[in-house]
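One structure below.
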Amino acid sequence: MSPFRLLLLPFCLIYGFITWIRNKLFDWRLLPSKSFSIPVISLGNLSTGGTGKTPHVEYLVNYLRENYNMAVLSRGYKRKTRGFLIAGPNHTANEIGDEPLQICRKFPDIIVAVHERRRKGIEKIMEMHPEVNLIILDDAFQHRFVKPGLNLLLTEYYKPFFNNFILPCGNLRELKKGARRAHALIVSKTPRVFSPLDRKYFLEKLNKYQLEKVFFSTVEYGPWVPLLPECKKNTTGYKTIFLFSGIANTSSIEEHLKRNCQELIVKKFPDHYQFSARDLEKLRQEFKDTFGRDKAIVVTEKDAMRLQQKVLLDKLKGLPVFFIPIKVVFHNGDQEKFEKLVDGFLAAYSLFGKTQ
């Protein structure tokens, strides 16, 4: 911890005490936590972001959508609207948030909704779409007014919660012991080569949090997709790549891109950053001033959602700009075990109703 963050330690104690009291009020049932007549699966984290929740939501959607009339509910972080909205492909990230827009466009056959109050959001979905028989909550681990039947917690391999500190000294939203509320934990963004020793290290560190199920996942990158229709990828590759990104953690995509170029230039912005025309003008000028012809600009799939505005796309015309879709892959048989956990929860719910 840096000396500056040490100065914030008194604020950490205050914040930690507030979150502890809040969680106790739910534990003691002095604050209401509602369960529902249909199964609810929640994905979330203890940290402020960067664990890869969205691709794990997409994994669940892809796995379950053939057998369920499902809906995904998010708060729509950083959107400029309020209240309940059903996402549509013509919405913008400003209206519904970048993550719901990405899920909506990728899976047009499911319902994607946003509401800052998840309990009201679920009630609204069930009222408007009574055919829905499964809801997935995105980033709802701290939203305890809803009691999910299956509570999944994510932590990132390079920044696990057990090595972190509570805000503002670190990036944790609540005390580490909050992990015990999870029915299972997924260690995300692990290296492609994941050794048994790494697995053993994490399992030993996580043992004190009484987690019954722990899974390990990594990210697999797909083919580059042009951001603009007229953009064509150089079949011989690129020597210089500009990574232009506003996500919480770029370490994984940086590692991936470094294997595909000689020089990686990173232009990093805060998480969920709304790019401006001026940002893109500066990028265009720097791209032009950088020596060489074999160069390209890469953004993440989430960044691409925030660039879907005419005024921004116009600034990128004529430039080789691509985004890279990603998907979650589990290590060493964990896929089968994870899907068995999900299937078991849903089977029990169909037999006995509320499991919590």
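Values quoted throughout were computed directly from the atomic coordinates according to the rules given, and no laboratory measurement underlies them. Just so we're clear, the structure is a prediction, and the values are computed from it rather than from any experiment. Cβ placement follows ideal geometry from the backbone for every residue including glycine, while neighbour counts extend to all protein chains displayed.
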> Any idea what diffusion coefficient the chain gets from Stokes-Einstein, in µm²/s, Kirkwood Rh on alpha carbon pairs, 10 °C, 1.306 mPa s?
Replying inline: 73 µm²/s
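Would you please report the Å³ per residue occupied by the convex hull of the alpha carbon atoms in region 223-324?
On the way: hull volume 9.4 nm³, N = 102.
Spread over its residues, the Cα hull of region 223-324 gives 92 Å³ apiece.
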>> Taking amide H atoms as placed 1.01 Å from N in the peptide plane, list the residues 5 or more away in sequence, or in a different chain, whose amide H sits under 5 Å from that of GLY170.
In response: PHE165
> Can you give the helix-only mean residue ellipticity at 222 nm for the chain, where every DSSP H stretch with n ≥ 4 adds -39500 (n - 2.57) and the sum goes over all residues, rounded to the nearest 500 deg cm²/dmol?
Replying inline: -10000 deg cm²/dmol
>> Can you return the aspartates and glutamates within cross-link range of LYS147? Criterion is Cα-Cα under 12 Å, with same-chain partners fewer than 8 residues away left out.
In response: ASP27
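Return the loop-located chymotrypsin sites (Phe, Trp or Tyr not before Pro) in region 1-66 (DSSP other than H, G, I, E, B) with at most 11 other Cβ atoms within 10 Å of their own Cβ; answer none if there are none. Walk me through the numbers before you get to the answer.
On the way: sites: PHE4, PHE11, TYR15, PHE17, TRP20, PHE26, TRP28, PHE36, TYR59, TYR63; in loops: TRP28, PHE36.
Listed in order of number, the matching sites are TRP28.
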>> Taking θ = phi - 60°, what integer Hz values does the Karplus form 6.51 cos²θ - 1.76 cosθ + 1.60 yield along region 215-225, in sequence order, with x for Gly and Pro?
In response: 10, 10, 10, 9, 10, 10, 8, x, x, 4, 10
> With θ set to phi - 60° and the Karplus curve 6.51 cos²θ - 1.76 cosθ + 1.60, what are the ³J(HN,Hα) couplings of region 109-122 in order, to the nearest whole Hz, using x for Gly and Pro?
Replying inline: 8, 10, 8, 10, 10, 10, 6, 5, 10, 5, 4, 5, x, 5
> For the chain, what's the relative contact order in percent, using C-alpha pairs closer than 8 Å and at least 6 residues apart?
Replying inline: 20 percent
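How fast does region 267-356 diffuse by Stokes-Einstein, in µm²/s, taking the Kirkwood radius from C-alpha pairs at 10 °C and 1.306 mPa s?
Numbers: Rh = 17.0 Å.
Once the numbers are plugged in, D ends up at 93 µm²/s.
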> Under the Karplus relation 6.51 cos²θ - 1.76 cosθ + 1.60, θ = phi - 60°, what is the ordered set of whole-Hz ³J(HN,Hα) values for region 61-66, x standing for Gly and Pro?
Replying inline: 4, 5, 6, 10, 5, 6
> Where in region 92-198 are there GluC sites (Glu not before Pro) that are in a DSSP coil and have at most 12 other Cβ atoms within 10 angstrom of their Cβ?
Replying inline: GLU131
> Taking region 189-237, which trypsin sites (Lys or Arg not before Pro) meet the DSSP loop condition and have no more than 10 other C-beta atoms within 10 Å?
Replying inline: LYS232
> Hey, any idea what the orientation-averaged projected area of the convex hull of region 234-278's Cα atoms comes to, in nm²?
Replying inline: 3.8 nm²
> Distance from the Cα centre of region 115-168 to that of region 48-64, in angstrom?
Replying inline: 11 Å
